[in-house]
Every structure is written in C-alpha cells, then in structure tokens.
Amino acid sequence: MGGPTVTWHLLEHLLEQGSRRNVELQVMPLRQYDHAGIDGLMYLAETSRHEWVGYSEGQQSSVLITAPKDVSAMLQRYGKLRSQALGREATVSLLEQMRGAL
C-alpha cells in the first residue's frame, strides 16, 4: 500500500518511535500462526487507582471488560503474546533489514 517510499517512511517512523524510552516495539513472526492474539484486538489499561480494565473489539461487537478474573485472563494472554513475539533487538534488526531492502 503506497509503494516503497511510503513503506520506507513507515518503517523509519516505527524505528524512531521504538527508540523512545516509553515505547516497546515487538514484531510477531509470520511463522507464529497460532499466537495468543489470534482471537482479535484487545486493549488493556491501568486506572489511576491501579485497577486494570480490558477492551475487546470484533467485527460485530465490542466489550469493556472489568471483571477481575476476565481482566486477569487478558493480562496473561498479553504476557503470552509478548513472549511469542520477537524481542526488542530482533525487532529493530528486522525492521532495519526491511527498510534497507527498499
């Protein structure tokens, strides 16, 4: 989408944002076809009272999740997802290789 120039700028932007101290960028390898996030988008947020809430979004519905047991399951799935993705150094290396190939 957008051609090589647009893709190059996208990769550059990701690398710039990933270098910020408050951003952690990880790429899920294509070979990891059964990863923990396969069920769709999920968002997790911690409130000012240090309570967690979740939000799950699908094509036909979305839901705010506040039940501690359900939020805990989402946090566990998030941890699993992070463990299945490439680490920071491998992610940066892959994005740099992709940018260099354009």
> Do we find a residue being under 25 Å from Arg99 (Cβ atoms), out of contact with any Leu (no Cβ under 9 Å at 6 or more places or on another chain) and either part of a strand (DSSP E or B) or hydrophobic (A, V, I, L, M, F, W, C) (or both) anywhere in region 18-41?
Replying inline: yes
> If you go through region 84-102 one residue at a time, how many are within 18 Å of the chain's Cα centre (by Cα) and small (Gly, Ala, Ser)?
Replying inline: 4
> Taking Gly79, is it assigned to a strand (DSSP E or B), free of Cβ contacts under 8 Å to residues at least 40 places away in the same chain and of a type outside the set (S, T, N, Q)?
Replying inline: no
>> Pairs needed: first member in region 48-68, loosely packed, with under 10 Cβ neighbours inside 10 Å; second member anywhere, modelled with pLDDT of 95 or more and not charged (D, E, K, R); C-beta distance under 7 Å; at least 6 residues apart or different chains.
In response: Leu64/Val53; Leu64/Tyr55
>> Of the residues Leu81, Leu64, Leu75, Leu41, only one is of a type in the set (A, V, I, L, M), modelled with pLDDT of 95 or more and within 17 Å of the chain's Cα centre (by Cα); which?
In response: Leu75
> Can you name the residue in region 69-82 that is surrounded by 10 or more Cβ atoms within 10 Å (Cβ to Cβ) and charged (D, E, K, R) and, of all such residues, is farthest from Met28 (Cα to Cα)?
Replying inline: Asp70
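The values are calculated or read from the model by the stated rules, or taken from the named source; none is laboratory data. Fair warning: this is a prediction, and the values are worked out from it, not measured in the lab. So basically every Cβ, Gly included, is an ideal-geometry build from the backbone, and we count neighbours across all protein chains shown.
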